[in-house]
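This report concerns only the one structure given below.
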Amino acid sequence: MRQSRTTVNRLVLGGIGLLLLLAGGWLALTGGAFADRLPTWWPEPAAGRHVLLGSDELARVRGEGWWTPSVMAAAIALSLLFGWWFLTQFRTGTARPLALAAPGCTVRAQALAEALADRAGAVPGVDRSRVRILPRSRRRLEVRLRVWLRPGTSPQAVLPALCAVVAEAEESAAPYRTHTRLRVSAVSHRMPHVS
């Protein structure tokens, strides 16, 4: 859900940016030193004008019966569209349950993440852990596992046990294919304060 929302946001912003770039490029090229070198098919504004609609053309178009209702309808539609788009950015929604290999069995992604965090936190040398499971498609999950190691614990000491925990989680999530990202951090040494 979040990945598709990010893709849509980037496509919309890229499209708006491209339209603004083309309009700005048209205005910049037709009025500057490049005006003599433009191809013959390039639209050219009237002499001494660097706007899309001059005051004469704007007054003529405003006199048409369709202009004002069309502009108002477009402005209202765009305002509603962008308002809806803005509000959808805050919607998290409830994640659909993940269907397991056994018929009729499902599990919530949050429950699977909590179980994996508990298993990773029980590995000797791990201080705490955090897991996020993100459904990426109908049959693919992304697992983000972050662990904080206790002071003095080397990553090599816990990596085999963490790999076993990840393999167990991947087996439990069947029939989903999982892609796991493991991030290992160290808990900072806290010096005791003398009072």
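Within the range 80-123, how many residues are surrounded by 11 or more Cβ atoms within 10 Å (Cβ to Cβ), at pLDDT 80 or above and among the small types (Gly, Ala, Ser)?
8
Can residue 147 be described as part of a strand (DSSP E or B), modelled with pLDDT of 90 or more and open to solvent by less than 80 Å² (accessible area, probe 1.4 Å)?
yes
Going residue by residue through the range 161-170, is there one that turns out to be in a strand (DSSP E or B) and at pLDDT 90 or above?
no
So, residue 157, is that one outside any strand (DSSP E or B) and either touching a residue at least 60 places away in the same chain (Cβ under 8 Å) or surrounded by 15 or more Cβ atoms within 10 Å (Cβ to Cβ) (or both) or not?
No; evaluated as a whole, the condition is false for this residue.
Show the residue pairs meeting these rules: Cβ distance below 6 Å; 6+ apart or different chains; first residue within the range 1-24 and within 15 Å of residue 142 (Cβ to Cβ) and aliphatic (A, V, I, L, M); second residue at pLDDT 80 or above and open to solvent by 100 Å² or more (accessible area, probe 1.4 Å).
none
The values are calculated or read from the model by the stated rules, or taken from the named source; none is laboratory data. Remember, predicted model here, so these are calculated numbers, not experimental data. Note that each Cβ is placed from the backbone with ideal geometry, even for glycine, and that neighbours are counted across all protein chains shown. When the accessible area is computed, the model is the full protein with side chains, heavy atoms only, and any ligands, DNA or RNA have been set aside. Shrake-Rupley method; radii C 1.70, N 1.55, O 1.52, S 1.80 Å.
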